[in-house]
Structures are given as structure tokens and as C-alpha cells.
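What follows is a short report on a single structure.
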Amino acid sequence: ETGVTQTPRHLVMGMTNKKSLKCEQHLGHNAMYWYKQSAKKPLELMFVYSLEERVENNSVPSRFSPECPNSSHLFLHLHTLQPEDSALYLCASSQVGSTDTQYFGPGTRLTVL
Amino acid sequence: AQSVTQLDSHVSVSEGTPVLLRCNYSSSYSPSLFWYVQHPNKGLQLLLKYTSAATLVKGINGFEAEFKKSETSFHLTKPSAHMSDAAEYFCVVSPFNSGGYQKVTFGTGTKLQVIP
């Protein structure tokens, strides 16, 4: 596979469930990002990992927990979510130290019941 | 500090007519500028980018954008709209050669409608 892949593409969960979103990049990049895209709101940066270290956490509630085990993989662990957390979650990657672009995955459409 | 303003939240054009999506930016540094497109329920796809080389940038699918420093603008154009261009478009700014991960700022998006 090429580019940035995300699984699952769609997820429906109850507020008491625990689930994880997975992102994998096949571009040899060393920075990865989680974004949240809600209807009628600008894209929100949630977390940034650069060289496998978390370098940004934009006041995201603790019910979202990221994990970056290596430069190719990024997870977003979800637990006790709220209905307002329903959104499209996008993963992106880029190469640190260059002006190169962020490349995005197709997203996971999350619905919290 | 940096910011980006997309001047129109919705643009409607007829198929075969020109497209103009407007973007203004502000940046304390020399910026890199990008346009992305997002089709419904899809991720963001890079259309084109400006990184201090030629001011007129050509992208995929016949789109191009011109960097105008004096006007702090980076408008996206296409000579002739196609039905498949209907999507949401995002203008993005980041510091040029930031030396670290990209601190990008996204615009709020412009939804392009193409009328048959």
C-alpha cells in the first residue's frame, strides 16, 4: 500500500466502549498528526508526534489517548467518549526538517451513540 | 504568528466556466502555502504548494495558484470547472523551512458547487 492508510474507515461506538483508531504511513516520514474534523468547524489539530515523541497536545480531553510505537504507526485510543466526539478523524504525516507537505489518510468516520 | 482567511465559504459555478477560490494569509515569516481538496467523506488531497520558488504554481487537475506577496494572497484558479471539481477546498499556511514539524494553519474551507 502507498501513502497514508487509516483503519477502520467507519466506527460506531457507545459511550462506554473502548476502541482504537489506527494510522499507518508508507512514505518514510518521521512526523505524524491526528486531526479532528467536525461539521461546520475548522480542522482541529489534536496531537503531533515528531521523531516518535509527542510534541504537541492541543488541550485534548484525556478520553483521547495517542500512541506512536514507531515512525510508521500512530494510534488513537478512545474511551468513554461523548456524542460530541462524533467526527471525521484524520491522520497525516510529513518529513521533519523540510518544507514538505502533510499527506493525509482517508479518515475514520466516528459516531458515538 | 500566522493566519489564513478563505474569503468565501461557498462558491457556485457552472460547468465549463472559470473557478476562483480566494485565500489571504498573514505570516511573520516567509510562508509556505498549500491548497488541499476534500471530496465528501474523504481525506485531504494536496492540489499544489508554494515554497518560495516560482510564484505561479501549477497543481493537479488543471488547478493553479499565484503567490502575490504584495497582496498577501494565494488564490486558486481553474480555467474550466468540471463536475468532479465539486468538493471543499482548504488553503493552508506554514512557515517556510521551519526546521521542525510543520506548524500549519488551515483555512475554514470553501465549498465549491458545480452546476451542470
Note, B:Asp8: beta-carbon cut-off 12 Å, +1 each Lys/Arg, -1 each Asp/Glu, net +1
Could you name the aspartates and glutamates whose alpha carbon sits less than 19 Å from that of B:Lys58, not counting residues in the same chain fewer than 8 places away? A:Asp100, B:Glu66, B:Asp85, B:Glu88
For A:Lys18, list the aspartates and glutamates whose Cα falls under 20 Å from its own Cα; do not include residues on the same chain fewer than 8 positions away. A:Glu67, A:Glu84, A:Asp85
Which residue fluctuates most in the GNM of chain B (Cα springs below 10 Å): B:Val13, B:Val92, B:Val37? B:Val13
Net +/- balance of residues flanking B:Gly62 in space, Cβ distance below 12 Å, scoring K and R +1, D and E -1: 0
Just checking chain A: which Cys have no other cysteine's beta-carbon under 4.7 Å? A:Cys68
Exposure proxy ranking, count of Cβ atoms within 10 Å, fewest first, for A:Met46, A:Met32, A:Met15, B:Met83: B:Met83, A:Met15, A:Met46, A:Met32
Sparse-neighbour loop sites [GluC sites (Glu not before Pro); the stretch B:1-91; at most 15 other C-beta within 10 Å; DSSP]: B:Glu15, B:Glu71
Express in whole angstrom the spacing between the alpha-carbon centres of the stretch B:27-53 and the stretch A:67-113. 18
When DSSP assigns beta bridges and you keep just the ones with both residues in chain A, what percent turn out antiparallel, to the nearest 5? 90
Hz values of 3J(HN,Hα) by residue in the stretch A:5-14 - Karplus curve (6.51, -1.76, 1.60), Gly and Pro given as x: 10, 9, 9, x, 7, 9, 8, 10, 9, x
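We did not get these values from a lab; they are worked out from the coordinates using the rules stated. Computed from a predicted structure; not experimentally measured. Quick reminder, even Gly has a Cβ in these numbers, built from the backbone with ideal geometry, and neighbours come from all protein chains shown.
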